[in-house]
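These notes are about the structure you will find just below.
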Amino acid sequence: MKGVIAWAVISVGTTLSFNPSPLTVSRRSRVLMAAPEKSGVPIIITGNNIEVTPSLMDYVNEKVDRTIGKFAFGGSVTECDVHLSVNKNPKVSEGHKAEVVASLKGLTIRAAEETADMYASIDKVTDRLARKLRQYKERRN
């Protein structure tokens, strides 16, 4: 992956260190990645209890960048954070959660979805984010 910057939080604290090793996630650590984007909006992907694989990262980048790219009007979208988490409790049927927080000028839009599959969660959360951004754009005009 050309142009990807990987950072890993070694503990739950605020200390960041460069980690060029394969990206794995334990219960107490998170992986942060600033991904290359087409719309000019930085997309930061984090994960809890999930290994953020290159294919998962590409899928998130493609879906979120397509949604943000449509609504990156006038440079008002400044940053987009994507948080993926898995609840490993066997009694929880829909344990794959995807959250997206988009920072706009003067506003923060948050969308979260939980399903039994991480890819389905990403699809649903991008649809919800698109609806919220569309509502914001219509109110603004």
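The values are calculated or read from the model by the stated rules, or taken from the named source; none is laboratory data. Note that the coordinates shown come from a computational prediction; the quantities given were computed from them, not determined experimentally. We place every Cβ from the backbone using ideal geometry, glycine too, and count neighbours over all the protein chains shown. Surface areas here come from the heavy atoms of the whole protein model, side chains and all, with no ligands, DNA or RNA. Shrake-Rupley method; radii C 1.70, N 1.55, O 1.52, S 1.80 Å.
Gain on full extension, evaluated as 0.36 nm per residue between T78 and A120 minus their Cα-Cα distance, stands at 12.5 nm.
In order along region 63-71, the Karplus-derived 3J(HN,Hα) couplings, from 6.51 cos²θ - 1.76 cosθ + 1.60 at θ = phi - 60°, round to 5, 6, 5, 5, 5, 5, x, 5, 10 Hz, and Gly and Pro are given as x. Length gained on full extension, R110 to V92: 4.2 nm, using 0.36 nm per residue less the C-alpha separation. Between K70 and N49, residue separation times 0.36 nm minus the direct Cα-Cα distance comes to 4.5 nm.
Please report the antiparallel percentage of DSSP beta bridges with both residues in region 43-140, rounded to the nearest 5. Don't skip to the answer; put the middle values down first.
Details: 18 of 24 bridges.
DSSP beta bridges in region 43-140 are roughly 75 percent antiparallel.
Solvent-accessible surface of region 43-140, averaged per residue with a 1.4 angstrom probe and all protein chains in place: 51 square angstrom. Evaluated at q = 0.16, 0.19 Å⁻¹, the base-10 log of the normalised Debye intensity for region 43-140, with identical point scatterers placed on the Cα atoms, takes the values -0.63, -0.85. Taking a sphere under 12 Å around the Cβ of V101 and counting the other residues whose Cβ falls inside, with K and R at +1 and D and E at -1, yields a net charge of -1. Label-to-label distance for D127 and D58 is 2.4 nm, based on points extended 7 Å past Cα in the beta-carbon direction.
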